[in-house]
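In what follows, a structure is listed as structure tokens, so that the remarks can point back to it.
The values are calculated or read from the model by the stated rules, or taken from the named source; none is laboratory data. Please read these numbers as outputs of a predicted model, since none were measured by experiment. With ideal geometry, Cβ positions are generated from the backbone for all residues, glycine too; neighbour counts draw on all protein chains shown. Ligands, DNA and RNA are stripped out before the accessible areas are found, and what is left, the full protein with its side chains, is counted by its heavy atoms. Shrake-Rupley method; radii C 1.70, N 1.55, O 1.52, S 1.80 Å.
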Amino acid sequence: MNRAVRETHFSSDVWERRFDSEGQLWGNEASPPAKYLTKVLEHRSTILEVGAGYGRDSNWFVENGHTVTAIDKATNALSIASDDLKEKIHSENVSFIISDFRRASMGARSQDAFFAHRLLHLLGNNGTTQAFADMAAKVLKPDGRLLVTARSFNDFNPNQMMWADESQGVAKYRDDIESLGDRRGQNLYFWNEERITRLFEDDFEDITVKEDTEMESIGNVDDKGKPVLTHYVSISARRKYTPAPR
């Protein structure tokens with residue numbers, strides 16, 4: 001990576017302010033990757049969701065008979081999630097960890113699935129992404145399911161962003177657009193099939209990578225009032241039975 005790129009990330013404070021101002025900014029319907037995961041999991045699976053936000057996907061998993069551990073740094077988002085979920089289910093089916101995922105204590109080989117939707121692009125190139133992949137490999141049972149998504153290179157928006165290091169997929173929200181609010185000056189790390197495969201291929205097999213789109217957020221619309229789409233790349237894989245040599 002170009003060392004001149006400033007490692008400026010989205011803090012939990014940024015997300016807490018956004019959840020305070022926009023609430024359930026992706027609505028209550030589960031994301032397409034979450035719906036796919038429930039189609040391929042055995043009933044009553046254990047799922048670790050990292051970057052759970054206010055729980056739209058955690059809610060879906062529990063409603064479909066699974067047990068969920070949800071991790072997020074934004075305390076107000078998890079408060080929304082827990083209140084919503086407890087109206088529907090017994091609390092033993094879901095637990096919340098308010099923490100950076102790197103400080104969360106999770107048992108080895110304890111989970112049937114590891115899920116993170118639209119989180120990876122917010123992590124820096126300073127070892128955080130490798131720590132994320134290592135956590136997935138650690139917590140999953142052999143043959144456990146991985147499903148991770150991140151914004152793809154096709155999501156680069158020259159009207160809002162500038163490249164900081166295009167070869168490494170590092171872009172930065174422009175400082176001069178006041179409407180971007182807390183996002184001004186923050187880095188994004190775009191992914192493609194090659195990069196996301198390389199991150200996980202040592203510990204995972206049966207890898208499938210594809211690109212898709214969904215609504216960026218409820219309040220993000222174009223000049224015709226139509227929702228702005230975000231482009232993301234997803235990786236679905238299984239944990240290898242034999243750990244990769246370290």
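Looking only at Cα atoms, what is the convex hull volume of the range 42-121 per residue, in Å³? Could the numbers behind the result be given before it?
Details: hull volume 7.1 nm³, N = 80.
Spread over its residues, the Cα hull of the range 42-121 gives 89 Å³ apiece.
Can you give me the long-range amide H partners of Trp191? Hydrogens built in the peptide plane at 1.01 Å from N, cutoff under 5 Å, separation of 5 or more residues or another chain.
Residues meeting the criterion, in which the H sits 1.01 Å from N, are Ser152, Phe153.
Where is the GNM fluctuation largest for the chain (alpha-carbon springs, 10 angstrom cutoff): Phe101, Phe190, Phe114?
In the Gaussian network model the winner is Phe101.
Taking 25 Å as the cut-off for C-alpha to C-alpha distance, list the pairs among Lys73/Lys240; Lys172/Lys240; Lys35/Lys172; Lys73/Lys210; Lys35/Lys210; Lys39/Lys172 that go past it.
Lys73/Lys240; Lys172/Lys240; Lys35/Lys172; Lys73/Lys210; Lys39/Lys172
Under a 1.4 Å probe, what is the accessible area of the chain per residue, stated in Å²?
49
Nothing charged except the Cβ atoms of Lys and Arg (+1) and of Asp and Glu (-1): what's the magnitude of the dipole of the chain about its Cα centre? Round to the nearest 20 debye.
Dipole size: approximately 580 debye.
Regarding the chain, what are the three Cα extents along the principal axes, ordered largest first, in Å?
48, 45, 31
List the residues whose amide H sits under 5 Å from the amide H of Leu119, counting only those 5 or more places along or on another chain, with H placed 1.01 Å from N in the peptide plane.
For Leu119, whose amide H was placed from the backbone, the distant partners under 5 Å are Thr149.
With a 1.4 Å probe and every protein chain kept in, tell me what percent of the accessible surface of the range 106-246 is carbon plus sulfur.
About 45 percent, which is the carbon plus sulfur part of the accessible surface.
Based on the inverse mean of 1/r over its pairs of different Cα atoms, what is the Kirkwood hydrodynamic radius of the range 80-186, in Å?
With all distinct Cα pairs of the range 80-186 included, I get 16.7 Å.
Provide the gained length on full extension for the span Tyr241 to Ser167, in nm with one decimal, where the gain is 0.36 nm per separating residue minus the Cα-Cα distance.
23.3 nm
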